[in-house]
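Q: One structure coming up, written as C-alpha cells, with questions to follow.
The values are calculated or read from the model by the stated rules, or taken from the named source; none is laboratory data. Quantities reported herein were computed from a predicted structural model and do not represent experimental measurements. Positions of Cβ are backbone-derived with ideal geometry, glycine not excepted, and every protein chain shown enters the neighbour counts. The accessibility values were calculated without ligands, DNA or RNA, using every heavy atom of the protein model including side chains. Shrake-Rupley method; radii C 1.70, N 1.55, O 1.52, S 1.80 Å.
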Amino acid sequence: MTTDTLHPLAAEYLARLRRAGRGLPPGRRRELLAEIEAHLSEAIDPSASDAQALTVLDKLGDPEAIIAAETPRLDELPAPRGTREWVAIGLLLFGGFIFVLGWFVGLILLWSSRAWTTRDKWIGTLVIPGGLASSVVIGLIAIGAPTKKICHAFNGGGQHCTNAAGQSTPSSILGVVVFALLVLAPIGTSIYLARRAA
C-alpha cells in the first residue's frame, strides 16, 4: 500500500505520524506506520468525502498522541551507566581474586542495576562464574597435563628426575586453547555488559 492510493487527508495524517515518530526506534516506527496505513486504507475509501475521512481520523486521534503513547516513559528506560555499573563490571571480571567474595558483590550490583536487561544479567552471571579467577584456575588445571619425566640413577642408589623440555603434546596444546577461551570469555562478557549499559 502506498500513500498514492490513500485519501488525501489520510495521506496527510500518515505524513504527520511519520514526522512525529522520528524519535521511536526504527523497527517500531516502521511497524506502527504500516499498521496505521493498513487501517486507513481499509477504513477510508480514496473517493470518500472529506467529512467521512475526518470522522475516521478523529476516532484515531492526533498522530502526536499516538506517538506519545508509543514512546517509553523515562522511568521505563534503562538507567544510564554510572559508577555502580563500572564497579559491577570490574568486580565480575576481577572480583574472584578477592577471596571470591568480590565476584558475588559484583553479581549483586549487576542484578540490582536497571542499566541491563534480564538477559544481560543472566549472561553476566553464567558466562564463567567467578570471572578471571575461575578462568585462571580451570585453565591452569587444563594446561597442567602430565609431562614426561626423565630420571637418572646414580651409583650410590640416588635418583635425579627432570621434566622433558621442548615436547608439545596434543593434550598440552588443547590445554592452552581451553585456557585462552576461559580467559577471553569473562573479558568478552565485561565488554558486552559495558556496551549494553551505554
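Q: How many of the residues in the stretch 8-23 are modelled with pLDDT under 90 and either touching a Ser or Thr at 6+ places or on another chain (Cβ under 7 Å) or over 23 Å from residue 69 (Cα atoms) (or both)?
A: 1
Q: Only one of 101, 60, 109 is farther than 30 Å from residue 19 by Cα, modelled with pLDDT of 85 or more and open to solvent by less than 60 Å² (accessible area, probe 1.4 Å). Can you tell me which? Quick ask: steps written out before the conclusion?
A: Values: 101 fails: open to solvent by less than 60 Å² (accessible area, probe 1.4 Å); 60 fails: farther than 30 Å from residue 19 by Cα.
Exactly one residue qualifies, and that residue is 109.
Q: Okay, moving on. Considering each of 119, 114, 30 in turn, give the residue that is open to solvent by 60 Å² or more (accessible area, probe 1.4 Å) and in contact (Cβ under 8 Å) with a residue 24 or more places away in the chain.
A: Unique residue meeting the criteria: 114.
Let's see how each residue does on (1) surrounded by fewer than 18 Cβ atoms within 10 Å (Cβ to Cβ); (2) in contact with a Lys or Arg (Cβ under 8 Å, 6 or more places away or on another chain); (3) at pLDDT below 90; (4) assigned to a helix (DSSP H, G or I):
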position	(1), (2), (3), (4)
42	yes, no, no, yes
55	yes, no, no, yes
65	yes, no, yes, yes
81	no, no, yes, no
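Q: Kindly list the number of the only condition in (1) modelled with pLDDT under 85; (2) open to solvent by less than 90 Å² (accessible area, probe 1.4 Å); (3) under 19 Å from residue 109 (Cα atoms) that fails for residue 88.
A: Status for residue 88: all satisfied but (1).
Q: Please state which one of 10, 48, 34 is assigned by TED's automatic domain parsing to the domain that holds residue 71, out of contact with any helix residue (DSSP H, G or I) (no Cβ under 7 Å at 6 or more places or on another chain) and assigned to a helix (DSSP H, G or I).
A: Testing whether each residue is assigned by TED's automatic domain parsing to the domain that holds residue 71, out of contact with any helix residue (DSSP H, G or I) (no Cβ under 7 Å at 6 or more places or on another chain) and assigned to a helix (DSSP H, G or I) leaves just 34.
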